[in-house]
Amino acid sequence: MPQRKQPTLALPTEAEVSDPAARASAHSTRHLTTRQKRVFAGLALLLLAALALFLTWDVNGHWDFALPRRSEQVVALTVVGIAIATSTVVFQTLTANRILTPSIMGFDALYVLVATALVFLLGSATVARIDPLVMFAANTVLMMGCATALYRWILGNGERGLYTLILVGVVAGTFFSSLTNFMFRTMDPNEFDSLMSTLFASFNAIDTTLLGIGGAMLMVGIVAVFRMAGKLDVLSLGRERAITLGLDYHRTVTWLLLIIALLVSVSTALVGPITFLGLLVANLAYQLTRTHRHVINLAVASLVAIVALVAGQAILEHVLDHNGTLGSIINVVGGLYFIGLLLKEARS
Amino acid sequence: MITIDSLTKTYGDTTVVNHVDLQLPDSGVTSLIGPNGAGKSTLLSMVSRILGADAGHVSVEGVDVFKAPSKQVAKKLSILRQDAHTTARITVQELVEFGRYPHSHGRLTPECHAAVAEALEYCDLVDLAQRPIHQLSGGQRQRAYVAMVLAQDTRYVLLDEPLNNLDMVHATGLMRLLRRLADDKGKSIVLVLHDVNYASVYSDRIIAMRDGEVVHDGPPEAVISEHALGDVYGMEFSVHTVGGDRIAAYFR
């Protein structure tokens, strides 16, 4: 698998192939280091192991029942893993730090708020007549508009400090949750009921009706991000250098925020909010790859996320016998890691 | 030529740059001097479109820096600022390759590789090319950023206090490098300096600012004088001629 992956990641340009001197001097940027090849190989092995474990454990001969159901779960976990990893890496480059994630800044909470407000305003009778896929699409479009406008304004010129952003994010997240709760309380019980079935997806109750459209949206987001990978690399030098190098900063940030909102919508619709997964996988990826190149970091972070989710879910279902949820485990581990990162940052 | 027309920046009630009109030449070394808060860095930031202006225009060879596509401006003008350095894990060579972004958008052409190699050579960084920038000393890192600007290969190179945190060995080395750039490659180097003597020795033209306005503008012989410096900084200077250079003393 890593051998197959390598050429697409490090395709030399025609000029490099035809010019040996250029090829020699290009080695530092266009090709994978030995370390990165090992990382890809290791993660591919881990992924295969996790998949084998998840798909074949304890089937007891009921293949025709277990396999389709489990495969669907794997696809959902993959979509969620890629969406969370990608949105986090992009957001961290945008905000020039490794602590903030879309979840910590309240993106998930905003999605839940938008979904709730839509049911609240339209009424459950109307909502019941609308195709869930259309509802999801409407949610996502609204979310992309709100999130981009709001966070564009919050991020400003990229000159606000890290702690200001964390504070604003925590306040925004709490505010969105409170508004959502307020609507729950004032809502008609029937409407509340219909909301619960769509909103409260989790790892144990993945909303698979949205898997098709969610997967399609993910593809759109991923293609867009990989097309912008070069711009993301430039952006990682900081706002001022990016502008000096001719990047249209304002436009690029707006596009990236739209993509992040799209990806957060996909993962939140499928499994609900998971606060700290992105933080864990993004930082693990940076430590593994030790590069600034987004093509590599995005791929590794996504692989780490898929491995973590599939292996975690397998262990949870078969070893721990459903005693606990993957979301809560991720939040405990990730929460501790988040506090650790904050303390480290405060000391340096 | 960079034409600055009535450029203004205000923060609250404080006008940092007040209707400045200037023309910066298309070659040679031009230094901006003046006390802290005179508006030198703000002026340079606006000229390089990193900071928006409240009023006025800047054009580089007829291209409006605020209105033209950022890409187009990036091929004419580059700036090196003293900002917090990047958190990205990159090597010196990768940093310098970023300088080619306006020309190649990440897909380096043979021409780009040549420019990168030349910039590394010019800044004496060949041996350090594969070192991560966060492992470099202050002087080395500064040279790496200069090499990046060099690889960008713009006619106009703006530098905001490039000598900050450099000892005299590295400061003099950098000034020589910039002088060579202007002489060999015909570039226009515009830099903010705090040390008036570096400005005196290396500049073709010195622009002195105070309270957001240009108060003196001319060759070193005109601006490095007891009268003009006293006027700019509000303290006493004694100016001596040492080996053909005008050196200002201000230590007592």
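The values are calculated or read from the model by the stated rules, or taken from the named source; none is laboratory data. In this text, all values refer to a predicted model and were calculated from it rather than measured experimentally. We place every Cβ from the backbone using ideal geometry, glycine too, and count neighbours over all the protein chains shown.
Here are the numbers for the structure shown:
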item: Condition check for B:Val29: in contact with a helix residue (DSSP H, G or I) (Cβ under 6 Å, 6 or more places away or on another chain), more than 14 Å from chain A (Cβ to nearest Cβ), at pLDDT 90 or above and closer than 27 Å to B:Leu120 by Cβ; result: yes
item: B:Gly39 being of a type outside the set (A, V, I, L, M) and within 12 Å of chain A (Cβ to nearest Cβ); result: no
item: Flag for A:Thr252 being within 30 Å of B:Phe66 (Cβ to Cβ), modelled with pLDDT of 85 or more and in contact with a strand residue (DSSP E or B) (Cβ under 6 Å, 6 or more places away or on another chain); result: no
item: Candidates A:Val281, A:Val300 - the one that is modelled with pLDDT under 95 and assigned to a helix (DSSP H, G or I); result: A:Val281
item: Flag for B:Ala171 being in a helix (DSSP H, G or I) and under 15 Å from the mean Cα position of the chain (by Cα); result: yes
item: Yes/no for A:Thr180 being out of contact with any Pro (no Cβ under 9 Å at 6 or more places or on another chain), part of a helix (DSSP H, G or I), within 14 Å of chain B (Cβ to nearest Cβ) and surrounded by 18 or more Cβ atoms within 10 Å (Cβ to Cβ); result: no
item: Failed item, numbered, when B:Gly99 is tested on (1) within 21 Å of the chain's Cα centre (by Cα); (2) in contact (Cβ under 8 Å) with a residue 40 or more places away in the chain; (3) surrounded by fewer than 23 Cβ atoms within 10 Å (Cβ to Cβ); result: (3)
item: Candidate set from region B:111-127 (those that are crowded, with 21+ Cβ neighbours inside 10 Å and in a helix (DSSP H, G or I)); member that is nearest to the other protein chains (Cβ to nearest Cβ); result: B:His113
item: Filter result for the condition that a residue is surrounded by fewer than 18 Cβ atoms within 10 Å (Cβ to Cβ) and closer than 30 Å to B:Thr154 by Cβ, over A:Thr254, A:Thr291; result: A:Thr254
item: Cross-chain or 6+ apart pairs with Cβ under 8 Å, region B:36-56 first and touching a residue at least 60 places away in the same chain (Cβ under 8 Å), then crowded, with 23+ Cβ neighbours inside 10 Å and among the hydroxyl-bearing types (Ser, Thr, Tyr); result: B:Ser48/A:Thr244; B:Ser48/B:Ser78
item: Options A:Gly238, A:Gly312, A:Gly324, A:Gly340: the member that is more than 14 Å from chain B (Cβ to nearest Cβ), touching a residue at least 12 places away in the same chain (Cβ under 8 Å) and surrounded by fewer than 23 Cβ atoms within 10 Å (Cβ to Cβ); result: A:Gly312
item: Residue that is nearest to B:Ala147 (Cα to Cα), among those in region B:74-110 that are in a helix (DSSP H, G or I), modelled with pLDDT of 90 or more and more than 7 Å from chain A (Cβ to nearest Cβ); result: B:Val96
item: Any hit, region B:60-71, residues being in a helix (DSSP H, G or I) and within 14 Å of another protein chain (Cβ to nearest Cβ); result: yes
item: Any hit, region B:150-170, residues being within 8 Å of chain A (Cβ to nearest Cβ) and farther than 25 Å from B:Arg49 by Cβ; result: no
item: Residue satisfying condition, being surrounded by 17 or more Cβ atoms within 10 Å (Cβ to Cβ) and more than 14 Å from chain B (Cβ to nearest Cβ), within set A:Ile206, A:Ile130; result: A:Ile206
item: Lone qualifier among B:Gly230, B:Gly212, B:Gly186 - being under 22 Å from B:Gly28 (Cβ atoms) and not acidic (Asp, Glu); result: B:Gly186
item: Number of positions in region B:57-74 that are in contact (Cβ under 8 Å) with a residue 40 or more places away in the chain and either surrounded by fewer than 16 Cβ atoms within 10 Å (Cβ to Cβ) or on the phi > 0 side of the Ramachandran plot (or both); result: 2
item: Among (1) in a helix (DSSP H, G or I); (2) within 14 Å of another protein chain (Cβ to nearest Cβ); (3) crowded, with 20+ Cβ neighbours inside 10 Å; (4) over 12 Å from the mean Cα position of the chain (by Cα), the one test that A:Gly246 misses; result: (1)
item: Odd one out for A:Thr275, checked against (1) polar (S, T, N, Q); (2) within 11 Å of the chain's Cα centre (by Cα); (3) within 14 Å of chain B (Cβ to nearest Cβ); result: (3)
